[in-house]
Amino acid sequence: EVSRECQVPIEMAMMTALGAISCVCQDMVSVSLPTGNTTVPSLMLLTIAKSGERKTTVQKQFFKAIMAHNREAILRHDTEMDAYKEDLYLWEIKRKETERVWKKALRDGKEEDTERLKNELLQHQHEKPVKPLSQRVLYADTTPQALVESMQNNTPSACLLTSEANSMFSGHALKDLDKINTLWDGEDVIVDRAT
């Protein structure tokens, strides 16, 4: 249908459709290979076509809903982060105040107050606001480090998407190809850094 509507080769439409399918289902399914191994449905696809052959049009057709979801996820996450920061600020104030009163009770030797306040502090620790996760999946201009961090702190799925391969190959996204290959294989990337 897309091939006919957009007047593009069926192969271009199929490659783009496979990319969209892989993007959507990557954290929901596993693929059993004929060799007996199980892996993730990650794909690296490259469509080579001249300028004006409707690569971007086809991409927009298949990724339209995913792009809308991505935009909504970013906006929703920004709103949730604002609320989280407010909740965390108030939580910190209460923690500091309860801690201050508890330390005073410790200094004054008030055992009953000390025990009650200690329990309040421990209970308060369990009520710490939880940082919201973003459901963003599409990335274009990113570094491998930023991508790994985003996948760690948010949804563990990602799709590097562009209609211009030059931005991928000459940009930052593929600088540490070993990390990207590890992610494509469905393996963990463990990063240990001071910052």
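Using a probe of 1.4 angstrom, how much of the accessible area of the chain is carbon and sulfur, in percent?
53
State, to one decimal in nm², a quarter of the convex hull surface area for the C-alpha atoms of the chain, i.e. the direction-averaged projected area. Walk me through the intermediate numbers first.
On the way: hull surface 65.1 nm².
Over all viewing directions, the chain projects a mean Cα-hull area of 16.3 nm².
Counting other C-beta atoms within 10 Å, and keeping those with at most 11, which DSSP coil trypsin sites (Lys or Arg not before Pro) do you find in the stretch 7-108? List each step's numbers first, then the result.
Values: sites: 50, 54, 55, 60, 64, 71, 76, 85, 94, 95, 96, 100, 103, 104, 107; in loops: 50, 54.
Sites meeting the loop and neighbour criteria: 50.
In whole Hz, what ³J(HN,Hα) sequence does the stretch 43-49 give by Karplus (6.51, -1.76, 1.60; θ = phi - 60°), x for Gly and Pro?
Values, residue by residue: 10, 10, 10, 9, 9, 9, 8 Hz.
Residue 121 to residue 39: extension gain in nm, 0.36 nm per residue of separation minus the Cα-Cα distance? Please report the intermediate quantities before stating the final value.
On the way: separation 82, 0.36 × 82 = 29.52 nm, distance 4.46 nm.
Value of the extension gain: 25.1 nm.
Which angle between 0 and 90 degrees, to the nearest 10, do you get for helix 55-108 versus the longest principal axis of the chain when only C-alpha atoms count?
10
Ignoring the sites themselves, what is the longest stretch of the chain with no GluC sites (Glu not before Pro) in a DSSP loop and at most 13 other beta-carbon atoms within 10 Å? Let's see the in-between values first.
Values: sites that count: 1, 127, 164, 187.
Value returned for the longest uninterrupted segment is 2-126.
May I ask for the distance between the Cα centers of the stretch 39-54 and the stretch 82-154, given as a whole number of Å?
So the two Cα centres are separated by 43 Å.
Using the crude model of +1 on Lys and Arg Cβ and -1 on Asp and Glu Cβ, and no other charge, please compute the dipole size for the chain relative to its Cα centre, in debye to 20.
Working: 25 positive and 30 negative charges, 75 e Å.
Around 360 debye, computed over the chain.
Given the options 138, 160, 90, which has the most mean-square fluctuation in a GNM of the chain, springs set between C-alpha atoms less than 10 angstrom apart?
The residue that fluctuates most here is 90.
Lone cysteines in the chain, going by a 4.7 Å Cβ-Cβ cut-off?
6, 25
Name the residues whose placed amide hydrogens come within less than 5 Å of the amide hydrogen of residue 138, ignoring near sequence neighbours (fewer than 5 apart) on the same chain.
159
The values are calculated or read from the model by the stated rules, or taken from the named source; none is laboratory data. Because the structure is a prediction, the values reported are computed rather than measured. Note that we place each Cβ from the backbone using ideal geometry, even for glycine, and neighbour counts take in every protein chain shown. For the accessible areas, the whole protein counts, side chains as well, though only heavy atoms, and no ligand, DNA or RNA atoms are used. Shrake-Rupley method; radii C 1.70, N 1.55, O 1.52, S 1.80 Å.
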